[in-house]
1. If you compute percent of Cα pairs over 26 Å apart for the structure shown, which of (1) 30; (2) 63; (3) 45 do you land on?
2. For the pair Glu170 and Glu70, how long in nm is the line joining their label points, each one 7 Å along Cα→Cβ?
3. Taking springs between alpha-carbon atoms closer than 10 angstrom, which of Leu103, Leu22, Leu118 fluctuates most in the Gaussian network model of the chain?
4. Just to confirm my numbers, what's the Cα centroid distance between the range 68-94 and the range 118-132 in Å?
5. Summing +1 for each Lys or Arg and -1 for each Asp or Glu, what net charge is found among the other residues whose Cβ lies under 10 Å from the Cβ of Asn56?
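What follows draws every value from the coordinates through simple rules; no lab data is involved. Treat the numbers as computed from the prediction; the structure is a model and nothing was measured. Note that we place each Cβ from the backbone using ideal geometry, even for glycine, and neighbour counts take in every protein chain shown.
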Amino acid sequence: MNLFHRTWNGTLVDPAWISGALQTTALRKRPTIIPKPYGTLGYSAGKKQAAAVADNFRAKVASGNIQYYENILFEACDEMESEMNSLGFHWTFGRSQKFFNILAKYWFCVAVGCSDKLQESDRALVKSLRNHFHAPIDSITLRHVRKLEGAPPLDSIYWGWSMSREIYGEIQKCIESRAARSGLSKIEYELVEIW
């Protein structure tokens, strides 16, 4: 994903960033233990809805209640799931968390690596969220976490198909514990140790 594409509008909810985050939610082949989905696996027809939900998420995060970041994230995931399911997509909590956590990862990468490209208010906001951002959970992250000491049982968990909010919380705690050993936040650990 080229975060600084020719038409980047300098905001945290750039249309290309929304598209990039949506593309990461694409589901691959359905695992045999997962029942047939109730909707299509796509996402592209939901770009307008995803942009609106992402803008709402950014606004709530910017409201200054960063200690409630996880609650804001979960509310956004619920809203995204509802919007995308209403369009006929097979949309799950796992797909929603991936979308918002990838979007936050874009924010973090720009704020840390090229902070002069962001407005001061956005730069300060993102840097204040360093220890609140979650690691995006996908098959690569699950593969990594499965190998960690003290990891929750994840053998039949597929991030976009069957990951519950409870399992997601256990995975984030495992990542947070491992990240703390290296003095990293969850998002930094995901960037440095997993990718």
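1. Among (1) 30; (2) 63; (3) 45, the one derived from this structure is (1).
2. 1.5 nm
3. Of Leu103, Leu22, Leu118, the most mobile in the Gaussian network model is Leu118.
4. 23 Å
5. Working: positive: Arg58, Lys60; negative: Asp55, Glu75, Glu79.
Cβ neighbours under 10 Å give a net charge of -1.
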